[in-house]
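Take a look at the structure below.
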Amino acid sequence: MRLTLWFLGLFGVAVALALFASTNPGTITVFWPPHRVDVSLNLAILTLLLVFGLLHVALKALSALFAMPGQARSWRLRYQERIMHSALLDALSHLVAGRFIRARKAAELVLAREAVMTRSGELWPDAPRLRVMAHLLAAESSQALQDKAAREMHFQQALAQSASAEASGTRDGLQLRALRWSLEERDPAAALDWLAQLPAGVARRTVALRLRLKVARLAGQNDLALETARLLVKHKAFSGNAALSLQRALALEYIQTTQEPEQLAAVWAQLDPLEQNVPEVALSAAGRLLRMGGAVDQAFAWLLPVWDRMTQSQQGLEPDQKVFLIRVMENGFSAAGEDIDKQWLSRIEQAQLAAPGDADLQYLAGVACLHLQLWGKAQQLIRQALPRLNDAGLLTRAWQVQAELAQRQGDEAQALLAWRNAAQVTLRRKI
């Protein structure tokens, strides 16, 4: 359709020119003394058009001629850029494929080509960023090859190039890479130094927070590690279960570093309520406090949410958590002596009455009676719990209590039998 319209338009122009030229009687007279030239108007117009066309073609030819050096220069520049980009891609592909020597050579080829262009006076805006990336790839390859001298040389040159305005966006990446290298070399001092140099905006990024968590754990700064983990959880860097597991592990590690009851109390105060209510964390903290000779009341206060979870919540406790709780409470009763909190005795009694078939609670009630010097009731409860105890540790301790109570009553034969049963359970545990 378009071609048809072009033909129609062309025929229309031809008809209009033919009609104009055939009926145009006009002439143009040119006086050039002593000559006179008469030319028809049609010929004059045609001559002018031809002259204009020739001048236009001549100017275009001159323009193309004078533009040839610039075009040759632009072609050379594009050719060099293609070579450098190809070498840069080679460096990246070799690096991710584990061919580190080839990757470094390709990155050095990029730098050599760019240096030749710079010396020839060719300047282009992406040159600083290209130099930074080439030096970074060479440094990364050298790090993989354990060539620290070459890595530092390329890294320092990359840092110097990143100071320019054209490559300002690359400096953050360089600092993060240096931080990763310090982590790989297990150098917490250098890692903390690089971490302190990160700008505030960069330090809040998820990748930087992940690195800070690793640095804090490497440096033994448990408070910083726990704080960083909370930020990562807030940024949704982990799933729900992974976040809870991480916070639990960090809290437990933080608790295990304490050496005094006051220090442990300060660490406990720094934990979030969600972390304090994790059974493993509360049990570990209370058990460690009791082993260090801390206040029994404070240890039992930390255990209260765990106890409520076991007795009131549908979620309950895992079997090993339940045994851990009973052992910690037994240690607390031993440390308190006869000064056992009556509220806890009431809680234990209510729980044992609510679940009379629970051998673990029955054992715990017997232990509480034992420390209150209620020998008969303690012996009765523990004897009833013995056949149903599944944990070897609790079973061993139950036989030991039975032996002690039998000795107190003067029944040496029963005491000897109980001691033998306790020893057999202990031997089975070791096997």
Notebook entry, point to check: Taking the Cα centre of region 119-213 as the origin and placing charges on Cβ (Lys, Arg +1; Asp, Glu -1), which of Pro128, Gln143, Leu211 is farthest toward the positive end of the dipole?
Noted result: Leu211
Notebook entry, point to check: Using a probe of 1.4 angstrom, how much of the accessible area of the chain is carbon and sulfur, in percent?
Noted result: 59 percent
Check: Out of residues 5 or more away from Ser40 or on other chains, whose amide H comes under 5 Å of its own, with H placed 1.01 Å from N in the peptide plane?
Finding: Ile28
Item checked: Extended-chain gain in nm, criterion 0.36 nm per residue less alpha-carbon gap, Val51 and Gln414 -> 117.3 nm
Notebook entry, point to check: Looking at the square roots a ≥ b ≥ c of the eigenvalues of the Cα gyration tensor of region 364-431, which shape do they give, rounded for a/c under 1.5, prolate if a/b is larger than b/c, or oblate?
Noted result: oblate
Check: Between Val116 and Asp187, how many nm apart are label points set 7 Å from Cα along the C-beta direction?
Finding: 3.5 nm
Notebook entry, point to check: So how tilted is helix 2-22 from the main axis of the chain? Cα-based, degrees 0 to 90, rounded to 10.
Noted result: 20 degrees
Item checked: For the chain, built as a Gaussian network whose Cα springs stay under 10 Å, the top-fluctuating residue of Phe52, Phe31, Phe66 -> Phe31
Next item on the list: Could you state the accessible area per residue of region 250-365 in Å², with a 1.4 Å probe and every protein chain left in place?
Entry: 47 Å²
Check: Looking only at Ala392, Ala103, Ala67, which one moves most when the chain is put into a Gaussian network model with springs between Cα atoms under 10 Å?
Finding: Ala67
Check: What are the ³J(HN,Hα) values, in whole Hz, obtained from phi via the Karplus relation 6.51 cos²θ - 1.76 cosθ + 1.60 with θ = phi - 60°, for each residue of region 328-336 in sequence order, with x given for Gly and Pro?
Finding: 5, 5, 4, 5, x, 5, 5, 6, 7
Next item on the list: Answer rounded, prolate or oblate for region 226-378, using the Cα gyration tensor with square roots of eigenvalues a ≥ b ≥ c: rounded when a/c is under 1.5, else prolate when a/b is larger than b/c, else oblate.
Entry: oblate
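Take the alpha carbon gyration tensor of region 94-187, find the square roots of its eigenvalues, order them as a ≥ b ≥ c, and report rounded if a/c is under 1.5; if not, report prolate when a/b exceeds b/c, else oblate. Walk me through the numbers before you get to the answer.
Details: a/c = 2.38, a/b = 1.42, b/c = 1.67.
Judged from the Cα gyration tensor, region 94-187 comes out oblate (a/c at least 1.5, b/c at or above a/b).
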Checklist line | Which labelled figure in (1) 2.02; (2) 1.04; (3) 1.25 is Cα Rg over 2.2 N^0.38 Å, once derived from the coordinates | finding: (1)
Item checked: Candidates per GluC sites (Glu not before Pro) in region 278-381, loop by DSSP, up to 12 other Cβ within 10 Å -> Glu338
Check: Which order do peptides 149-158, 404-413 fall in by mean Cβ count within 10 Å, highest first?
Finding: 149-158, 404-413
Next item on the list: Using Cα pairs closer than 8 Å and at least 6 residues apart in sequence, work out the relative contact order for the chain, in percent.
Entry: 5 percent
Margin query: Tell me the mean residue ellipticity at 222 nm calculated for the chain from its helices only (DSSP H runs of n ≥ 4, each -39500 (n - 2.57), averaged over every residue, nearest 500).
Written below: -26000 deg cm²/dmol
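Between Gln276 and Arg82, how high is the FRET efficiency from 1/(1 + (r/R0)^6) when r is the Cβ-Cβ distance and R₀ = 51 Å? Nearest 0.05.
Using R0 = 51 Å, I get an efficiency of 0.25.
Just to confirm the filter: which trypsin sites (Lys or Arg not before Pro) across region 188-241 are DSSP coil and have at most 11 other Cβ within 10 angstrom of their Cβ?
Lys236
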Notebook entry, point to check: Quick one: Karplus J couplings for region 295-302, per residue in order, coefficients 6.51, -1.76, 1.60, θ = phi - 60°, nearest Hz, x for Gly and Pro?
Noted result: 6, 5, 4, 5, 5, 5, 5, 5
Item checked: Phi-based couplings in Hz for region 362-367 (Karplus 6.51, -1.76, 1.60; Gly and Pro marked x) -> 5, 5, 4, 5, x, 5
Next item on the list: Pick out which of Leu370, Leu417, Leu394 has the largest mean-square fluctuation in a Gaussian network model of the chain, springs linking Cα atoms closer than 10 Å.
Entry: Leu417
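The values are calculated or read from the model by the stated rules, or taken from the named source; none is laboratory data. These figures come from a predicted structure and were not determined experimentally. A quick note on method: Cβ atoms are made from the backbone with ideal geometry, for glycine too, and the neighbour counts reach across all protein chains shown. Surface accessibility is based on the protein's heavy atoms, side chains included, excluding ligands, DNA and RNA. Shrake-Rupley method; radii C 1.70, N 1.55, O 1.52, S 1.80 Å.
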